[in-house]
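*Asks:* Shown below is the structure under consideration.
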Amino acid sequence: MNKSLVDLLYPEKGQQKNIFFSGKGGVGKTSIACVTAVHTAQKGFKTLLLTTDPAAHIGNVLGENVGDEITKINNIENLFGVKIDPKKTAQEYKNKILKEAQNKFDTNTIKAMQEELDSPCTEEMASFQKFINYASLNEFDVIVVDTAPTGHTLRLLELPMDWSKQIQLKTGIQTEISAEDKKEKEKFDAVIEMMKDSAKTTFSFVMYPERTPIIEAHRASQELLSLGIETQLVIANLIIPQEQAQTPFFKNRRNMQVKYLAEINTMFPEALVVESPMLAQEIKGLELLKEMGQLLFE
Ligand SMILES: Nc1ncnc2c1ncn2[C@@H]1O[C@H](COP(=O)(O)OP(=O)(O)O)[C@@H](O)[C@H]1O
Ligand SMILES: [Mg+2]
């Protein structure tokens, strides 16, 4: 039973809606996240657009400077943006954990912890921690997240202790879980619960209709499903409009896309599939974002 866009994009009264976009690099996550956030803001929902795009992309797309503090976006009501720099955030996170460890453990242990913390997982974990903090503020009606965490990261968060404790255990340290840790863990659990609640969270994959992005998205969505998180929305992006398929080259490409669109519908039977046309230009600027929102969501 596929839901309607109203159910997928707008929060229930007094609730918060989280909309996550996932998918391969370059498929249009940042662009579609901006379109979506502009759209929900226009609908009157206080919206936070959260990006981990290292290229400060939302700033470019919205034509606004968005930094690592929540910033009100000019020229549109209800829209706020914030950028998470995954490298910087991960560094801060590592420093914090290692600083605490410094007074407690010997150099070998700290070295082992350092190695564990050098995994690519740290960036995702640290970025997600930021989302958790913003989501726990209960200040926004809608939070749109440009790049969702993977099932792998979410699985680590499901374990009965937070990640720094997991690292301590892995490096052979007997750890005690303090009252403060417990509180922190409860916050994580509440957010994970919210992500599993399909009324509060819309998990969405962006893809273009070609084999590799479909297969990758499907695999990632299965991993999420094993955690109880359903993919409810698929944006099939960069579709060549029918009226543009005039030359053999574009006819051929469009036919290929139509074939893969059918495949997307079969592979994501529970999701609403929204087709998003390839535009003649980059997706940039408030006016174009508004237009695109109309096209996709109205
Ligand atoms: N439907 C579209 N039509 C035209 N250009 C698009 C479309 N979707 C995305 N783009 C362009 O493709 C590029 C990559 O999109 P982006 O949103 O940055 O992808 P991602 O965040 O997934 O890496 C950008 O230059 C963007 O403007
Ligand atoms: Mg991006």
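The values are calculated or read from the model by the stated rules, or taken from the named source; none is laboratory data. These numbers come from a predicted model, not from an experiment. Counting neighbours? That spans all protein chains shown, and the Cβs are built from the backbone with ideal geometry, glycine included.
*Asks:* Restricting to region 233-258, and then to whatever is within 19 Å of Lys24 (Cβ to Cβ) and not β-branched (Val, Ile, Thr), can you tell me which residue is nearest to the chain's Cα centre (by Cα)?
*Replies:* Per the stated criteria, the residue is Leu233.
*Asks:* Something else now. Scan region 229-239 and give yes if some residue there is among the hydroxyl-bearing types (Ser, Thr, Tyr), within 24 Å of Asp7 (Cα to Cα) and modelled with pLDDT under 95, otherwise no.
*Replies:* Scanning region 229-239 turns up no residue that is among the hydroxyl-bearing types (Ser, Thr, Tyr), within 24 Å of Asp7 (Cα to Cα) and modelled with pLDDT under 95.
*Asks:* Restricting attention to region 231-264, which residues are loosely packed, with under 15 Cβ neighbours inside 10 Å, assigned to a loop (DSSP other than H, G, I, E, B) and in contact (Cβ under 8 Å) with a residue 12 or more places away in the chain?
*Replies:* Pro241
*Asks:* Given Ile84, Ile19, which one is within 16 Å of ligand 1 (Cβ to nearest atom), of a type in the set (Val, Ile, Thr), modelled with pLDDT of 95 or more and buried (at least 22 other Cβ atoms within 10 Å of the Cβ)?
*Replies:* Just a single option satisfies the conditions, and that option is Ile19.
*Asks:* Does region 137-150 include one or more residues that are more than 24 Å from Leu8 (Cα to Cα) and part of a loop (DSSP other than H, G, I, E, B)?
*Replies:* No: region 137-150 contains no residue that is more than 24 Å from Leu8 (Cα to Cα) and part of a loop (DSSP other than H, G, I, E, B).
*Asks:* Mind listing whichever residues of region 269-288 are at pLDDT below 95, out of contact with any Gly (no Cβ under 8 Å at 6 or more places or on another chain) and either within 16 Å of ligand 2 (Cβ to nearest atom) or in a strand (DSSP E or B) (or both)?
*Replies:* The one that is at pLDDT below 95, out of contact with any Gly (no Cβ under 8 Å at 6 or more places or on another chain) and either within 16 Å of ligand 2 (Cβ to nearest atom) or in a strand (DSSP E or B) (or both): Glu282.
*Asks:* Look through Lys94, Lys99, Lys83, Lys72 and report the one residue that is farther than 27 Å from Ser164 by Cβ and without any contact (Cβ under 8 Å) to a residue 60 or more places away in the chain.
*Replies:* Working: Lys94 fails: farther than 27 Å from Ser164 by Cβ; Lys99 fails: farther than 27 Å from Ser164 by Cβ; Lys83 fails: farther than 27 Å from Ser164 by Cβ.
Result of the check over Lys94, Lys99, Lys83, Lys72: Lys72.
*Asks:* Consider only pairs whose beta carbons are under 9 Å apart and that are at least six residues apart or on different chains; among these, list those whose first residue lies in region 152-175 and is free of Cβ contacts under 8 Å to residues at least 40 places away in the same chain and whose second residue is in a helix (DSSP H, G or I) and surrounded by fewer than 15 Cβ atoms within 10 Å (Cβ to Cβ).
*Replies:* Leu157/Asp189; Met161/Leu169; Thr175/Leu169
*Asks:* Asp141 - would you say it is surrounded by 14 or more Cβ atoms within 10 Å (Cβ to Cβ), more than 24 Å from Ala220 (Cα to Cα) and touching a residue at least 60 places away in the same chain (Cβ under 8 Å)?
*Replies:* Spelling it out, Asp141 is indeed surrounded by 14 or more Cβ atoms within 10 Å (Cβ to Cβ), more than 24 Å from Ala220 (Cα to Cα) and touching a residue at least 60 places away in the same chain (Cβ under 8 Å).
*Asks:* Still on this structure, I have one more. Could you list, in sequence order, the residues of region 112-136 that are assigned to a loop (DSSP other than H, G, I, E, B) and acidic (Asp, Glu)?
*Replies:* Just the residues of region 112-136 that are assigned to a loop (DSSP other than H, G, I, E, B), to begin with: 118-120.
Of everything in region 112-136, just one residue is assigned to a loop (DSSP other than H, G, I, E, B) and acidic (Asp, Glu), namely Asp118.
*Asks:* Next up: Exactly one of (1) among the polar types (S, T, N, Q); (2) crowded, with 23+ Cβ neighbours inside 10 Å; (3) more than 15 Å from the chain's Cα centre (by Cα) is unmet by Asn60. Its number?
*Replies:* Of the numbered conditions (1) among the polar types (S, T, N, Q); (2) crowded, with 23+ Cβ neighbours inside 10 Å; (3) more than 15 Å from the chain's Cα centre (by Cα), the odd one out for Asn60 is (2).
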